[in-house]
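Structure first, commentary second.
The values are calculated or read from the model by the stated rules, or taken from the named source; none is laboratory data. In this text the structure is predicted, and so the values were computed from the model without any measurement. When we count neighbours, we look across all protein chains shown, and the Cβ atoms used for this are built from the backbone with ideal geometry, even at glycine.
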Amino acid sequence: MLKHDSKESNGGRTVIGIDPCSQFLQLAILTPNKKTEFKKLPLSPSITEEIARSTDPATTQIAIESYGSYGKLFVYDLLRRGYDIREVNPHISKKLASLYNEEHSDQKDAESLAKALLLIPDLPRISITDKKQWLAKLTRTRKKLVKDLNGYLNRLHIALTESYGVVYKSLFKTLFAKKALLFFEENPTINDSISDEETKKRLGEEKWDLLIQAGTWKDDYYLETLRTEIRGLIGIIRSVNSTKIALEENIREIAEQVEEMGILQTFPGIGGIAGATLLSEIGDIERFEKESYLSAYCGVSPVIWQSGTGRIRTKRRKRYSRRLKGILYFIALSQIRINPESRAYYDRKIKEGKTHWQAMNALSRQLIKIIYYMLKHKKPYQRNTLVN
């Protein structure tokens, strides 16, 4: 059990750094008298109760490193009990760990998280409603599925290029279309297509002639292996896509129950999935006192850099939310297509000599200003708030 420090009642603060992994949580407890205690607890629901029995939420702060993979339910349970939990960017914790000691261990990682909270008291507060927590889980899972889906499609593309040769790309415009997947499932090789009497009707005479001109391979064991691989890949693609569609339906259902979602969707170009992803990654807007703090968290505002008497210049941030910056870039792309003011702003930055990425970053900064204002004041989108 965690030891309760007697000095807590005198107004001291206990700081706990938590380094989560797949089977346990490594805790580093910094008590008000500057002593450090290490605990290694198995990842289970009982951890929350154990921490709650020996600490007071009013005088305890917890630092955890980007709780992406493990410990989400644990963090959520602590939030419900009133604990102040701060998120530490991995770049900060790694710098601190190497600053104090060159050794690497779970204990040192947990201790560096606790020290990060002592040195940087304004670290982003983890504050999220249950529905936003669900959205964060669902949107991140969806993103992983999209990545997996693209990977399987690329593998299918390679296999079909081998089994059909160069003629493969002439048969269908989009490989992901249901019609294309069904055709290649039934005819995984060019030999199968030519031997099928229905192929000419399904593809048309022009594409049929291309197949005839290309000819057939020698039908041996390797070609049979390709048939098995292609049909297997198509089955996986259908399964992953079906799961993705079900997740998207869940995301939309939950998003409709969140007040801020209705506000965000008044912004042109922010649909259900994009809005849910943006909202879940921002969390509670109240944890960002100023718009500049949110811009820094999104990675769209630069860092001021100066040395000695040298000129002041800016640098790109290293510590920011990759997920937020990614969804902002996606929204900025749609703005360029549908919003004349955003397009004009982007073109103006290009004329000023900025690269595409610099112009997109500048546009993203303008967009996050509008989004911050909408969420902070619970105001729907107004055309007069467009980027200038």
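Some points to look at:
- Selected residue (only one of 322, 313 is modelled with pLDDT under 85 and within 25 Å of residue 144 (Cβ to Cβ)): 322
- Just so you know, in region 321-354 the residues that are at negative phi and not in a helix (DSSP H, G or I) include one that is surrounded by the fewest Cβ atoms within 10 Å (Cβ to Cβ), and it is 352.
- Pairs, first outside the structural domain of residue 145 (by TED's automatic domain parsing) and at pLDDT 95 or above in region 242-253, second exposed (fewer than 11 other Cβ atoms within 10 Å of the Cβ) and in a helix (DSSP H, G or I), C-beta under 9 Å, six or more apart: none
- Only residues that are surrounded by fewer than 22 Cβ atoms within 10 Å (Cβ to Cβ), over 17 Å from the mean Cα position of the chain (by Cα) and aliphatic (A, V, I, L, M) were counted across region 249-306, and they come to 6.
- Any hit, region 260-279, residues being of a type outside the set (Lys, Arg) and within 20 Å of residue 86 (Cα to Cα): yes
- Single match in 185, 206, 162, 229 (criterion: part of a helix (DSSP H, G or I), surrounded by fewer than 12 Cβ atoms within 10 Å (Cβ to Cβ) and at pLDDT 90 or above): 206
- Failed item, numbered, when residue 238 is tested on (1) in the same structural domain as residue 327 (by TED's automatic domain parsing); (2) assigned to a helix (DSSP H, G or I): (1)
For (1) basic (Lys, Arg); (2) in contact (Cβ under 8 Å) with a residue 24 or more places away in the chain, each residue gets a yes or a no:
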site: 190; (1), (2): no, yes
site: 196; (1), (2): no, no
site: 202; (1), (2): yes, no
site: 210; (1), (2): no, yes
site: 222; (1), (2): no, no
site: 236; (1), (2): no, yes
